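The values are calculated or read from the model by the stated rules, or taken from the named source; none is laboratory data. All of these numbers come straight from a predicted model, not from anything done at the bench. A quick note on method: Cβ atoms are made from the backbone with ideal geometry, for glycine too, and the neighbour counts reach across all protein chains shown.
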Amino acid sequence: MKIGISGASGFIGSELCEQASKRHEIVRFSRRARGGGRLWSVSKKPDLEGLDTFINLAGESIMGLWTPAKRRRIADSRVMGTRRLVEALAEKGNTVKTLVNASAIGFYGDTGENEVDEASPAGSGFLAEVCQRWEAEALKAEEYGVRVVRVRVGFVLGKGGAMKLIKPVFSLGLGGNLGSGRQWMSGVHVEDVAGAFLWAAENDGVAGPVNAVIPEPFRNHEFTRRLAHALHRPAFLPAPAFAMRLVLGRLSSLLLDSSRVLPRALKEGGYRYRHPSLTNVLIRCLE
């Protein structure tokens, strides 16, 4: 199978390319085509010639202060980029039969104490609205006979990404709960995120939304306790919710909202996790 991958140089994309290249031919898409890759831009349709499958990971990082300009870039990079991609899929002679499009568990908004899965409705808030618009653009590809899978990615952990920021703080004994610490988190190791995208691409019977998270959500205070224990460090400096909102503004919702998400599609579809629990994930992150 010949797979096009956008966002190939990112944290998830790099891992996905490594896994996919072991058994498929891959073509990397980016804003600066290098080493045989192809150009990817929100203002230009991508060249999909010869591809069987496309995995779309492209999007502005959500990290950083959510100024109006930042929020616009977050939304446009996902919505407009996917729109350009679907325009290319609509062209005569298109060979792509499967689109695996990234999304995020932010789709569900703040879930509180409620468990949600792929059958649950969308929530409210900035990220939920972006995810709804993002997925709506991807779903338009079904009009052209393309199988569409929307992978809703959880809190991704690994040796890079958020852990690059979190580990040094905890290593100094400066870690602590965020807000009350009771909010739910739905995490996953980057190897399983990449594995979920590849699983969706390779299995023709998979369609619709897929939550890329481990089977058991965990509370923030549990994540704090286990990470501190693994690093043999104390963790007693909580970040009060009011202070986080004052410093981070709207970005604080990403850290304070509850996200109790279950991966029904992966479990029922027989996906085999490399790191199925928080303990497994942290062990792998800290190796």
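Considering the conditions (1) of a type in the set (Ser, Thr, Tyr); (2) under 18 Å from the mean Cα position of the chain (by Cα); (3) farther than 30 Å from residue 71 by Cβ, residue 253 is excluded by exactly one of them, (3). Every listed requirement among (1) closer than 28 Å to residue 161 by Cα; (2) exposed (fewer than 15 other Cβ atoms within 10 Å of the Cβ) is met by residue 77 save one, (2).
Closer than 17 Å to residue 260 by Cα, in contact with a Gly (Cβ under 6 Å, 6 or more places away or on another chain) and not in a helix (DSSP H, G or I) - does that describe any residue in the stretch 163-179? No, the conditions are met nowhere in the stretch 163-179.
Looking across 160, 173, one residue alone is in contact (Cβ under 8 Å) with a residue 60 or more places away in the chain and on the phi > 0 side of the Ramachandran plot. It is 173. Please work out which one of (1) in contact with a Leu (Cβ under 9 Å, 6 or more places away or on another chain); (2) closer than 24 Å to residue 62 by Cβ is the condition residue 246 fails and give its number. (1) is the only condition that residue 246 fails.
Here residue 50 meets the list (1) exposed (fewer than 14 other Cβ atoms within 10 Å of the Cβ); (2) closer than 23 Å to residue 195 by Cα; (3) small (Gly, Ala, Ser); (4) over 17 Å from the mean Cα position of the chain (by Cα) almost entirely, failing just condition (2). Residue 15 meets the conditions (1) free of Cβ contacts under 8 Å to residues at least 60 places away in the same chain; (2) farther than 15 Å from residue 100 by Cα in every case but one. The failed one is (1). Scanning the stretch 89-117 for residues that are surrounded by fewer than 19 Cβ atoms within 10 Å (Cβ to Cβ) and either more than 23 Å from residue 255 (Cα to Cα) or without any contact (Cβ under 8 Å) to a residue 12 or more places away in the chain (or both) yields a count of 7. The set of residues in the stretch 20-79 that are basic (Lys, Arg), modelled with pLDDT under 85 and not in a loop (DSSP other than H, G, I, E, B) contains only 44.
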